[in-house]
Amino acid sequence: MSVIIKSVDKGSPADLAGIKSGDSLVSIDGNEIMDVLDYRFYQDSERLTLEYIDSLGKIKTARIKKDEYEEIGLEFETYLMDKKHSCRNKCVFCFIDQLPKGLRESLYFKDDDSRLSFLFGNYITLTNITEHEIERIIKMHISPINISVHTTNPELRVKMMTNKNAGNVLSVIDRFNDAGIKLNCQLVLCPGYNDGEELKNTLSDLIKLQNAECIAAVPVGLTRYREGLAELEPFNKTTASETLDIIDKYGDICLEKYGQRRIYAADEFYLIAGREIPNADYYGDFLQLENGVGLWALLKSEAQSALDECDYKLETKRKVSVATGEAAFPLISAIAKQCETKYNKLECNVYAIKNDFFGGKITVSGLVTATDIYAQLKDTDLGEELLIPSVMLRSEGDMFLDSVTVDELSERLNVKITPVDNDGYQLIDAILGIKT
């Protein structure tokens, strides 16, 4: 196998060695290069021997001398150097299956790619991982690996993921653990499936793994677009409270055994149960923020510190608005009120956007659309600026889930819109209008 080289950086070691655009990379120091992980792992040495095929089909060798960790200078058609691996499962809780038609095509792609787990923190189910990939992860000691476990009951995992291989591959988790690979585990919990006693069994199995450094429990998200899908119930105050009790119990066991809690519930569980979310020091290193674990505590702590340290002088009156999801509304409102208390020339209005687009059961900010923001704020005096969480936008930071751009919504609402990261210092600066 070989990978076509799209371009060669001018003046790079590869350029000086005579490698050209259109050539195909075969191996580095005798190691076959199949994708970005191979390429990045084997290119670090100071002296390298590259085998490649030139544009005429001739196999050639290039010897390169460079600084350690210096890039060779090759660019490929895609970042991964081949296609992303797609998911082969049909999970009963899959959020993508609950999306309405008509959204941008990229939203419907289900990735399940071990390379993306290491490079970007994506979660994988292991159901399409090959023996070659397993051995490579162990050989390269790629760590951590983020795994969507959901349950350690093989039969239940097959049922939940509608994949006959879903139970067998649980043994891969043990292989990674035994090889010293750090594991971040995700459990999407569905009432009547993998909660209750099944959750206890899963946590009992996972806490035995020395290298399962963080286990996050997330409640299933249900949209109004579930026609033809398995019937699922959302968590309620009682079932969410029961789940938190289980997580607290096994977290206490981990705290005693490892000196760390390791097991955490997503913030949403506390909100559903009506319980106070723990303080920031409860969450250790905040290893699963992307799963909504500790977001509330971290933002609250940072915002308080930022406000305490802030010596900014607000010379003129400022009116600003914040649009957020229903779940985060109480926290953002409290932060806004603290800002108003410290700065009497400030008026900061916070609006909880009900998610009519996906259905009222979805309350997180990351799934709020421009359509709902406009419908609910179009007749509102938003002041000089509207702040929104940046998680409402795609990675490029320019477009909402419903394909409306920030500029388009800004024009419709006739107000400047500023995306703000989940960072308490940035939020305080944005509310006060401090330019950084």
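Quick notes on this structure:
- Compactness of region 81-236, expressed as Rg and Dmax over alpha-carbon positions, Å: 15.6, 45
- Summing charges over neighbours of residue 393, with a neighbour being any other residue whose Cβ is under 13 Å away from its Cβ, gives -4 when K and R count +1 and D and E count -1.
- Averaging 1/r over each pair of different alpha-carbon atoms in region 199-336 and inverting the result gives 17.2 Å, the Kirkwood hydrodynamic radius.
- Full-extension gain in nm, residue 71 to residue 256, via 0.36 nm per residue minus C-alpha separation: 62.2 nm
- The chain, helix-only ellipticity at 222 nm - DSSP H runs n ≥ 4, -39,500 (n - 2.57), divided by all residues, nearest 500: -9500 deg cm²/dmol
- Rounded tilt (10° steps) of 196-206 against the dominant C-alpha axis of the chain: 40 degrees
- From phi via Karplus (6.51, -1.76, 1.60), per-residue ³J(HN,Hα) for region 419-427 in Hz, x at Gly/Pro: x, 10, 5, 6, 9, x, 5, 5, 5
- Against the main long axis of the alpha-carbon atoms of the chain, helix 131-140 sits at an angle near 80°.
- Peptides ranked, highest mean first, by Cβ atoms within 10 Å: ranges 68-74, 394-400, 262-268: 262-268, 68-74, 394-400
- 0 to 90° range, to nearest 10: angle between helix 237-258 axis and the chain longest Cα axis: 50 degrees
- Neighbours of residue 192 by Cβ distance under 11 Å: Lys/Arg scored +1, Asp/Glu scored -1, total -4.
- The chain: projected area of the alpha-carbon convex hull, averaged over directions, in nm²: 24.6 nm²
- Assuming charge only on the beta carbon of Lys and Arg (+1) and of Asp and Glu (-1), the dipole of the chain about its Cα centre is about 460 debye to the nearest 20.
- For region 320-436, the dipole from Cβ point charges (+1 on Lys and Arg, -1 on Asp and Glu) about the Cα centre works out to 340 debye, to the nearest 20.
- Dipole of region 295-436, positive direction: furthest Cα of 371, 305, 334, with charges on the beta-carbon: 334
Laboratory data are not the source of any read-out in this text; all were calculated from the coordinates shown. What you see is a predicted model; the values in this text were computed from it and never measured. Heads up, the Cβs are rebuilt from the backbone with ideal geometry, glycines too, and the neighbour counts pull from every protein chain shown.
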